[in-house]
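J.: This structure is in C-alpha cells; I'll ask about it shortly.
Nothing in this text is a laboratory measurement; each read-out follows from the coordinates by a stated rule. Source: prediction; values computed, not measured. Every residue, glycine among them, receives a Cβ derived from its backbone with ideal geometry; neighbour counts consider all protein chains shown.
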Amino acid sequence: MVTARALIVTVVGAALAPACLAQDHPGAAIYLDRCAGCHGVNLEGQPDWMRRMPNGRMPAPPHDASGHTWHHSDRQLLRIIKEGLAVIAPGYETDMPAFGDTLSDGEILAVLEYIKSTWPDRERELQAKRTAADTE
C-alpha cells in the first residue's frame, strides 16, 4: 500500500526532475555564464519585461514558457544570439550584445537546446513546427 508520504515524495520528485535534468544539460553552464545575468538563473527574465525601461529599451525577456523565445525558429534564435536582435528587427535598440565573436555556433546551439529542454511539450512542439517551416 502506498503511504501518503510516499505519494508526496513521488509527486514532488517528478515535478522537480525536469529542472534537475535541465541543469545537467551541456548548454546549462554556458547559459548560466553568459545569459543568466540578464535573463535569470531560472530563465525568468527581468521584472516587468514587457514594459520599456527609462532608456526606452525593453528588459530582457524570460526564456521559460512564459516568454516568447519559443515563438521563434532555431535559425532566428541563432542569428539573434550570434548577430544581435537588429538582424531580424532592423533599428531595434537592445542591451543584449551579439555573441558571434565570443560563442561558437555549437555553444549557441547548446544554449538553445538547454532552454528548449525546460519548456513544456506544447511550447517545444510549437517551436519545432516554426523551425521546420523556416526554410529561408
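J.: With r defined as the distance between the Cβ atoms of LYS129 and LEU32 and R0 fixed at 25 Å, what FRET efficiency is calculated, to the nearest 0.05?
T.: Details: r = 29 Å, r/R0 = 1.15.
The computed FRET efficiency comes out at 0.30.
J.: Which order do peptides 107-115, 27-35, 123-131 fall in by mean Cβ count within 10 Å, highest first? Mind dumping the intermediate values first?
T.: Values: 107-115: 20.3, 27-35: 18.0, 123-131: 14.9.
Per-residue mean Cβ counts within 10 Å order the peptides as 107-115, 27-35, 123-131.
J.: How many nm is it between the label spots at GLU136 and ARG52, if each spot is 7 Å from the Cα in line with the beta carbon?
T.: 2.5 nm
J.: How far apart, in nanometres, would the label points at ASP24 and GLU113 be if each is projected 7 angstrom from Cα along the Cα-to-Cβ direction?
T.: The answer from the label model is 1.5 nm.
J.: Something else: What number does the stretch 26-133 give for Rg over Rh if you use C-alpha atoms and the Kirkwood radius? Before the final figure, lay out the partial values.
T.: Values: Rg = 13.2 Å, Rh = 14.1 Å.
Computed over Cα atoms, the ratio is 0.94.
J.: Now for a separate question. Please give the residues of the stretch 115-135, grouped as numeric ranges, whose backbone N is less than 18 Å from a label point set 7 Å along the Cα-to-Cβ vector of HIS71.
T.: Output list for this probe position: 116, 119-120, 122-134.
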